[in-house]
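Working notes for the structure below.
The values are calculated or read from the model by the stated rules, or taken from the named source; none is laboratory data. Only a predicted model underlies this, so the values are computations on that prediction, with no experimental measurement involved. With ideal geometry, Cβ positions are generated from the backbone for all residues, glycine too; neighbour counts draw on all protein chains shown.
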Amino acid sequence: MKWLMKWLDPVVCRMAREYLEQGHPFEAARHLLDSPHCTHRTAKTMLVEISGQLVELARIAEQAVDITAAWKAIEMANKCVELHGEAAIMRNRVQRQKDEQDQQKEEQDQRRKSHEKRFKQAACLAEEGHLRSAMELLDQTSDRPDAQRLKRNLKQQQSRFERYLRECGELLENGDVTAARVRLDKARAIDATDPHLLKLEQSLRDAVADQPAQPRRPTTPSQPLRDRTSFALADHALIVSLPEIVLGNPLGESVQVPIQARIHKRHALIVRDHQCYRVIPLADCDVSVNGNPVYGDRDLDDGDVVQLENEHCEWRFRRPVSDSTTALLEQVQPGGSAVHTPDGSQFRRVVLAGDEIHIGRTPPAHLVVPHLPCESLVLTWTDDGLVMRADGASVTVDGDVSTNVVQIPSCLEISADIDEAERLGREFVGDGALDELRLEVINPFAPQRLGLF
């Protein structure tokens, strides 16, 4: 008779019984509670049995300090039948523990999000050159590996920055304005907003105003830049004007961009084809773009990050001037691998020069020089060679006003075409431009830098 009654029970009861026999009380409870037959006499009896098993599971989980599992079991048991006595007391106790656990997790999530926000703000400030503000934010972050790594890089930059300022001050005291300007430019490239740097800038302006301009003459004969080749604007950028450019380490032959890093002698090739640039790995070397490996060749878009071998050698590809065939490679990590040329120079920016190179005080420009005496300086390849023109300034080559063809080695002397009233107006508004600026044009692939005095 009992056997017959079991077969007359709803199918869902038989399915729940199978789940129970297999040790799955949660599934058994869900099938019964979701069934329209949950009020059936057999279903009610089974729910009481299932509730008892779930209460026991909750007790075991609580003893193991697995509050989440205990809460799930006791709540499902309470849905099966209303709990009373010790089971109800345990449910209240587990609920309090779960509420405390949820609150702790919420506080941890808030701290994590706060740390992530501060880290992103610090990274942006560091990229913009605000080192002190970035360091203050990083001091408030947790011991995240990326935060610690950025903090180490910033400390290295801060150390170099303070050394440049100290050397600049000493050189100014000794009357060496030109060398002081070089140190100040290096410091400005790290942090252009530091109050000590701004004070030294004013001291440099005063020293330049008190010192008569002296034409800089090369100790070796200069040659016009007629053929498209590699040269450098000292302390600003390496400029490569070839359609095919090899990236490798300084030991490689015919390497136009020698990077001091653990990469192959000839690691990758960047090809310019009219308006387009492509990167091509050489000899199965590891090259990736935006984290994606490159196996054949890959077109480069503005903002792409090209990684050679590892994360310490990452360069961002830039097209800052629209409709220009000139592009840039900029070092991503301030403390990463830089370009090292035979003359001892280091560069963290490479200009992949097309027909023109735009130098300006503000973007868009291929090279941004905030203290440029004019709004823009343009270098253009022509049949006569590399010629220059400036808006709002006069430019000479080693003091020679009769030519606008760039020589190598030489010094481009840029003098602002402004009167005294405009000069005073610049000083009043805190304009960072100098009245006069000298840019060294050098051959960085010479064994040592040629003297320009």
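Taking S288, is it modelled with pLDDT under 90, surrounded by 15 or more Cβ atoms within 10 Å (Cβ to Cβ) and not aliphatic (A, V, I, L, M)? So S288 fails the test.
For T45, indicate whether it is among the polar types (S, T, N, Q), within 23 Å of R17 (Cβ to Cβ) and part of a helix (DSSP H, G or I). Yes: the conditions hold for T45. Being closer than 30 Å to D355 by Cα and either at pLDDT 80 or above or in a helix (DSSP H, G or I) (or both) is not true of R166. When the stretch 300-337 is filtered for residues that are at negative phi and either outside the structural domain of L282 (by TED's automatic domain parsing) or over 17 Å from the mean Cα position of the chain (by Cα) (or both), the ones remaining, listed by number, are L300, V321, S322, S324, T325, T326, A327.
In summary, V441 fulfils each of the numbered conditions (1) modelled with pLDDT of 80 or more; (2) more than 22 Å from T178 (Cα to Cα) with the single exception of condition (2). For the stretch 168-189, the set of residues classified as in contact with a helix residue (DSSP H, G or I) (Cβ under 8 Å, 6 or more places away or on another chain) and more than 24 Å from L412 (Cα to Cα) consists of G169 only.
Within the stretch 255-272, the set of residues being more than 23 Å from the chain's Cα centre (by Cα), charged (D, E, K, R) and over 16 Å from F317 (Cα atoms) comprises K265, R266.
With respect to the conditions (1) assigned to a helix (DSSP H, G or I); (2) surrounded by fewer than 15 Cβ atoms within 10 Å (Cβ to Cβ), K186 lacks only one, and its number is (2). Pairing residues of the stretch 94-110 that are closer than 18 Å to A73 by Cα with residues that are small (G, A, S) and modelled with pLDDT of 90 or more, at Cβ distances under 6 Å and at least 6 apart in sequence or on separate chains, gives V94/A70. Selection of the stretch 7-43 for residues being exposed (fewer than 12 other Cβ atoms within 10 Å of the Cβ) and more than 13 Å from M76 (Cα to Cα) yields W7, L8, V11, E21, Q22, G23, P36, T39, R41. Identify, from the list Q121, Q140, Q148, Q158, the residue that is in contact with a Leu (Cβ under 6 Å, 6 or more places away or on another chain), assigned by TED's automatic domain parsing to the domain that holds S203 and surrounded by fewer than 18 Cβ atoms within 10 Å (Cβ to Cβ). The unique qualifying residue is Q158. Scanning the stretch 406-429 for residues that are outside any strand (DSSP E or B) and at pLDDT 85 or above yields V406, P409.
Is the stretch 50-61 home to any residue that is in contact with a His (Cβ under 9 Å, 6 or more places away or on another chain) and either of a type in the set (F, W, Y) or not assigned by TED's automatic domain parsing to the domain that holds D139 (or both)? Among the residues of the stretch 50-61, not one is in contact with a His (Cβ under 9 Å, 6 or more places away or on another chain) and either of a type in the set (F, W, Y) or not assigned by TED's automatic domain parsing to the domain that holds D139 (or both), which makes the answer no. Specify the residue that is farthest from K98 (Cα to Cα); the eligible residues are those in the stretch 51-76 that are of a type in the set (V, I, T) and under 49 Å from the mean Cα position of the chain (by Cα). Top of the filtered list is V65. Within the stretch 7-42, the set of residues being part of a helix (DSSP H, G or I), modelled with pLDDT under 85 and in contact with a His (Cβ under 6 Å, 6 or more places away or on another chain) comprises V12, A16. Within the stretch 364-402, the residues that satisfy the criterion of being without any contact (Cβ under 8 Å) to a residue 12 or more places away in the chain and part of a loop (DSSP other than H, G, I, E, B) are D383, V401, S402. Which residues, taken from the stretch 293-327, are among the aliphatic types (A, V, I, L, M), surrounded by fewer than 20 Cβ atoms within 10 Å (Cβ to Cβ) and assigned to a strand (DSSP E or B)? Hit for the stretch 293-327 is V305, nothing else.
Where the second residue is of a type in the set (V, I, T) and in a helix (DSSP H, G or I) and the first is in the same structural domain as I74 (by TED's automatic domain parsing) and lies in the stretch 19-36, which pairs have Cβ atoms under 7 Å and are six or more apart or on separate chains? Listed by first residue and then by second, the contacts come to L20/I50; P25/I50; A28/I50; A29/I50; H31/V12; L32/V12; S35/V12.
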